[in-house]
Structures are given as structure tokens and as C-alpha cells.
Amino acid sequence: MSLVFTETLRGSYFEVDQPAITRLCEVFIHVRLPRPTGAMRVVEAEMTGTATFERLATQQPIRGQLRLQLARPRHVSYAFQVQTDDGRTLQFAGAKHPSLMRPVYSATSLWGTLSEAGVPRAMVRLHFDLRRDLVAFLQSLGRTADRLP
């Protein structure tokens with residue numbers, strides 16, 4: 001059985017050549033996490049959903065990977081591709097870094113980079129809003145049968 005859930009992250013981004021101009025963004029992620037087998041150090045999950053980056057991409061589909069690094073240094077990395085409204089393909093790469101010193105902040109904050117063909121184009125700060133989205137997140141938790149290869 002796989003664990004499935006949805007996560008909504010909102011925040012802002014700025015293009016690296018215009019750091020003084022910040023714009024809003026929102027990423028709606030659906031994650032399918034297969035049941036771990038044995039003592040795994042890394043668990044990879046399939047990620048789909050939509051992303052909106054103001055003046056760049058409007059509710060464009062995303063596809064990527066969520067990776068949980070269970071061994072030290074622990075982190076949760078997010079990587080996905082999104083097409084801009086004008087047809088360019090951008091790659092997002094970011095991570096959450098769990099910390100006992102700041103557990104809520106570290107579990108809800110995702111910093112990342114939007115790149116095009118390996119060249120960084122924008123810096124992104126996303127946040128999971130506990131007050132606004134926790135109930136929806138908890139309601140989305142479920143289990144589904146694993147897909148056969």
C-alpha cells in the first residue's frame with residue numbers, strides 16, 4: 001500500500017536578474033509515497049499537481065519526485081518540472097531541512113530555485129500554512145494499492 005496526500009505551498013519568488021521585484025506563487029502537490037521495504041535510508045515518492053508563478057506560469061501541471069533522506073543529514077527534497085505560459089520548461093529544486101531547534105518552521109518552509117536548462121532563473125520561498133491548510137492536508141491522507149510495474 002502507498003501513502004497518498006496533498007500539500008499546498010504558497011509564497012513568493014524573485015527572478016535573479018530582478019531581485020527587488022517579488023511575485024506570488026502557489027504549488028498544489030499530490031504525493032504518492034510507496035511503502036518502504038526494509039531499512040531504507042532514502043524514500044522516493046511520485047509528485048504531481050499544479051503550479052502558479054505570477055506572470056510566469058498559471059496553474060500549469062507539474063511532475064516530479066519528492067525524496068526523503070532518512071539518514072543524516074536529514075532533509076526532504078522536492079524536484080519537479082513546470083512549463084511556463086509561453087512554453088518554456090523550468091525545473092524546480094528545493095528542500096526542507098528538519099530541525100529540532102525550529103521544528104514547525106523547518107517542517108513548513110521550502111526554499112528552492114527555478115532553473116531553465118541548468119541556469120538559475122528565480123529564487124523561491126514556499127510555506128505550508130498550518131492554520132489555513134492543515135485540515136485539508138490531514139483529510140487528504142490515505143492509502144492506495146501499489147501499482148504493478
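Miscellaneous remarks
- Selected residue (only one of 72, 35 is open to solvent by 20 Å² or more (accessible area, probe 1.4 Å), closer than 19 Å to residue 141 by Cβ and in a loop (DSSP other than H, G, I, E, B)): 35
- Exclusive hit being touching a Gly at 6+ places or on another chain (Cβ under 9 Å) and touching a residue at least 24 places away in the same chain (Cβ under 8 Å), set 69, 91, 83: 91
- Counting the residues of the range 1-43 that are within 13 Å of the chain's Cα centre (by Cα) and among the acidic types (Asp, Glu) gives 2.
Matching residues to (1) open to solvent by less than 20 Å² (accessible area, probe 1.4 Å); (2) modelled with pLDDT under 95:
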position	(1), (2)
89	no, no
92	yes, no
99	no, yes
103	no, yes
119	no, no
122	yes, no
126	yes, no
132	no, yes
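- First in the range 1-23 and within 20 Å of residue 132 (Cα to Cα), second anywhere and aromatic (Phe, Trp, Tyr) and open to solvent by less than 30 Å² (accessible area, probe 1.4 Å), Cβ under 6 Å, 6 or more apart: 9/128
- For the range 15-32, a tally of residues being open to solvent by 70 Å² or more (accessible area, probe 1.4 Å), more than 16 Å from residue 136 (Cα to Cα) and in contact with a Ser or Thr (Cβ under 7 Å, 6 or more places away or on another chain) returns 2.
- Top-ranked residue in the range 38-55 [being among the aliphatic types (A, V, I, L, M) and at pLDDT 95 or above; ranked as surrounded by the fewest Cβ atoms within 10 Å (Cβ to Cβ)]: 47
- Residues of the range 38-51 classified as out of contact with any Lys or Arg (no Cβ under 8 Å at 6 or more places or on another chain) and either charged (D, E, K, R) or assigned to a strand (DSSP E or B) (or both), total: 4
The values are calculated or read from the model by the stated rules, or taken from the named source; none is laboratory data. All figures in this text were calculated on a predicted structure; none of them were measured in a lab. Every residue, glycine as well, gets a Cβ built from its backbone with ideal geometry; the counts of neighbours run over all protein chains shown. When the accessible area is computed, the model is the full protein with side chains, heavy atoms only, and any ligands, DNA or RNA have been set aside. Shrake-Rupley method; radii C 1.70, N 1.55, O 1.52, S 1.80 Å.
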